[in-house]
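Have a look at the structure below before the remarks.
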Amino acid sequence: MVEVYLKGRGIVNTDLINAFLEVPREEFVLEKHKEMAYLDTALPIGYDATISQPFVIAKMCESLEVDRDSIVLDIGTGSGYQAAILSRICKKVVSIERVNDLVTKSRETIERLGYENIEIVHGDGFEGYQKEAPYDGIISGAMVRDIPNAWKEQIKLGGTIVYPEAMGGYEKIVTANRVEGGFKKSYGFGVVFVSLEKGVE
């Protein structure tokens with residue numbers, strides 16, 4: 001997976017590549033999909049959620065440009081796989097999920113694997129997580145139409161927000177760097193993500 005789908009498609013961050021080698025993706029998928037864990041494809045994890053395609057996760061994480069001193073907010077925990085990858089390259093990951101059953105399952109997986117620098121919270125990712133703000137990076141596994149105000153308030157000056165943005169019938173990965181006076185956006189490749197809906201279930 002790493003050689004063909006990540007390095008073979010331009011992922012060059014050494015720490016990130018090592019994170020993908022270290023984190024066992026099969027631990028984050030349903031039992032019936034374990035044989036597919038290392039294919040470059042999204043897989044359903046229940047509750048209308050998926051574990052994202054490895055290349056998409058890698059590209060989004062690389063675009064954050066974070067390091068060992070960074071604190072990152074991960075929007076939409078899902079299985080916890082993206083949080084686990086980020087935890088290998090960051091100081092701390094705060095991951096927020098609105099589906100309570102996914103919070104429970106992802107916490108169990110993270111604890112079983114011994115990743116101690118991840119905090120998983122139950123809440124509305126649209127509102128971010130003020131308690132641990134400001135963040136060096138914010139990454140979202142769910143689509144929004146524009147950067148929510150809460151994310152804008154919770155990202156540090158010079159920090160980066162990476163998220164899928166809806167653009168009239170399709171979506172693209174957006175990298176938004178906070179600069180003096182606002183955000184500088186750059187647009188990446190097309191994707192399909194679930195929408196980030198308000199409210200806690």
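The values are calculated or read from the model by the stated rules, or taken from the named source; none is laboratory data. These numbers come from a predicted model, not from an experiment. A quick note on method: Cβ atoms are made from the backbone with ideal geometry, for glycine too, and the neighbour counts reach across all protein chains shown.
Out of curiosity, is L102 surrounded by fewer than 23 Cβ atoms within 10 Å (Cβ to Cβ) and more than 22 Å from L21 (Cβ to Cβ)? Considered against the rule, which asks whether it is surrounded by fewer than 23 Cβ atoms within 10 Å (Cβ to Cβ) and more than 22 Å from L21 (Cβ to Cβ), L102 comes out as yes. The residue of segment 75-100 that is nearest to R178 (Cα to Cα), among those that are in a helix (DSSP H, G or I) and touching a strand residue (DSSP E or B) at 6+ places or on another chain (Cβ under 8 Å), is L86.
Taking every residue in segment 2-25 that is more than 20 Å from M36 (Cα to Cα) and pairing it with any residue that is surrounded by fewer than 12 Cβ atoms within 10 Å (Cβ to Cβ) and of a type outside the set (D, E), at least 6 positions away or on another chain, the pairs with Cβ-Cβ distances below 9 Å are D15/R68.
Quick grid of which residues meet (1) among the hydrophobic types (A, V, I, L, M, F, W, C); (2) touching a His at 6+ places or on another chain (Cβ under 7 Å); (3) at pLDDT 95 or above; (4) farther than 12 Å from Q82 by Cβ:
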position: L6; (1), (2), (3), (4): yes, no, no, yes
position: G10; (1), (2), (3), (4): no, no, no, yes
position: E22; (1), (2), (3), (4): no, no, yes, yes
position: E26; (1), (2), (3), (4): no, no, yes, yes
position: E31; (1), (2), (3), (4): no, no, no, yes
position: Y38; (1), (2), (3), (4): no, no, no, yes
position: T50; (1), (2), (3), (4): no, no, no, no
position: V56; (1), (2), (3), (4): yes, no, no, no
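Every listed requirement among (1) more than 30 Å from L157 (Cβ to Cβ); (2) surrounded by 15 or more Cβ atoms within 10 Å (Cβ to Cβ) is met by K32 save one, (2).
So that you can scan it fast, the table gives a plain yes or no per residue for (1) closer than 18 Å to Y115 by Cα; (2) in a strand (DSSP E or B); (3) not hydrophobic (A, V, I, L, M, F, W, C):
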{"residue": "A58", "(1), (2), (3)": "no, no, no"}
{"residue": "R68", "(1), (2), (3)": "yes, no, yes"}
{"residue": "L73", "(1), (2), (3)": "yes, yes, no"}
{"residue": "T104", "(1), (2), (3)": "yes, no, yes"}
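Within segment 119-167, the only residue that satisfies the criterion of being of a type in the set (S, T, N, Q) and free of Cβ contacts under 8 Å to residues at least 24 places away in the same chain is N149. Scanning segment 75-97 for residues that are over 10 Å from the mean Cα position of the chain (by Cα), closer than 16 Å to E108 by Cβ and not hydroxyl-bearing (S, T, Y) gives a single hit, E97.
As a summary of the residue check, I11 satisfies the conditions (1) assigned to a loop (DSSP other than H, G, I, E, B); (2) under 25 Å from P148 (Cα atoms) except for the one numbered (2). Scanning segment 168-191 for residues that are farther than 23 Å from D67 by Cα and in contact (Cβ under 8 Å) with a residue 24 or more places away in the chain, we see that the one that is surrounded by the most Cβ atoms within 10 Å (Cβ to Cβ) is E171. The set of residues from segment 77-93 being closer than 23 Å to Y38 by Cβ, buried (at least 24 other Cβ atoms within 10 Å of the Cβ) and touching a Lys or Arg at 6+ places or on another chain (Cβ under 8 Å) comprises S79, G80, Y81. Within segment 106-118, being touching a residue at least 40 places away in the same chain (Cβ under 8 Å) and either under 23 Å from P134 (Cα atoms) or of a type in the set (K, R) (or both) holds for one residue alone: R112. Within segment 126-170, restricting attention to residues that are closer than 20 Å to V99 by Cα and in a loop (DSSP other than H, G, I, E, B), the residue that is farthest from the chain's Cα centre (by Cα) is P148.
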